[in-house]
1. Determine ³J(HN,Hα), in whole Hz, for all residues of segment 41-54 in sequence, where each value follows from phi through the Karplus function 6.51 cos²θ - 1.76 cosθ + 1.60 and θ = phi - 60°; x replaces Gly and Pro.
2. Over the chain, with a Gaussian network built from C-alpha contacts below 10 Å, which listed residue (D142, D82, D98) shows the highest mean-square fluctuation?
3. Among Y63, Y102, Y43, determine the one that fluctuates most according to a GNM of the chain built with springs between C-alpha atoms less than 10 Å apart.
4. To two decimal places, what compactness ratio does the chain give when its Cα radius of gyration is scaled by 2.2 N^0.38 Å?
5. Considering only S45, S114, S103, give the residue with the highest GNM mean-square fluctuation for the chain, with springs between Cα atoms whenever their separation is below 10 Å.
6. Would you mind checking K113/K141; K65/K146; K7/K88; K57/K146; K113/K146 for any pair whose Cα atoms are more than 23 angstrom apart?
Amino acid sequence: MNYGEIKKTDIANGTGVRVSLFVSGCRHHCRNCFNQDTWDFNYGSEYTYVTENEIIKALEPKYIKGLTLLGGEPFEAENQEDLMNLCKKVHNMLPEKDIWCYSGFTFEEITGKSRANCQFTKEFLSYLDVLVDGRFVEEEKDITLKFKGSRNQRIIDVKKTLSQNKIVLLDL
């Protein structure tokens, strides 16, 4: 897996101050995507053990609320194994930190029959606290929205959604 950027003090992609990992690779190609460079799976730098340790270290300060995964597309099958392992490590080493993920796939696509659902998906999803789902739609763009770019997108409480077996939106 490659990644385009690591932001160590991000306040735009989830609640509080966060560490954000922008992965490379996305086949959605949403019109007017804010991060088109990351569509290319080869964009940026190779994600390695050193990268993972850099992220874990950046998450350690008390003022950091959690980790955000975005891109690119975290739920492209090529990205899921590395992200699942990162989330597992964060969950085990820093259980007080929450994990947000932005995906152009809907929750239903991630959990149903789509290219997003692979052998790592169920476990990867289990480590997420919040999923902002749905493709960016230019016609639905609204700059007044919190933590999403277009009105069609949802901010899902993943833990409650999985336990209740129905979509539960995060109460912000």
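1. Result, rounded to whole Hz: 4, 8, 5, x, 10, 6, 7, 10, 4, 5, 4, 4, 5, 4.
2. Highest fluctuation among the options: D142.
3. So, out of Y63, Y102, Y43, the one fluctuating most is Y63.
4. Working it through for the chain, the quotient is 0.95.
5. S114
6. Values: K113/K141 28 Å; K65/K146 17 Å; K7/K88 20 Å; K57/K146 28 Å; K113/K146 29 Å.
Where the Cα-Cα span goes over 23 Å, the pairs concerned are K113/K141; K57/K146; K113/K146.
Read the figures in this text as sums done on the coordinates, not as results from a lab. Keep in mind the model is a prediction, meaning the values are calculated, not measured.
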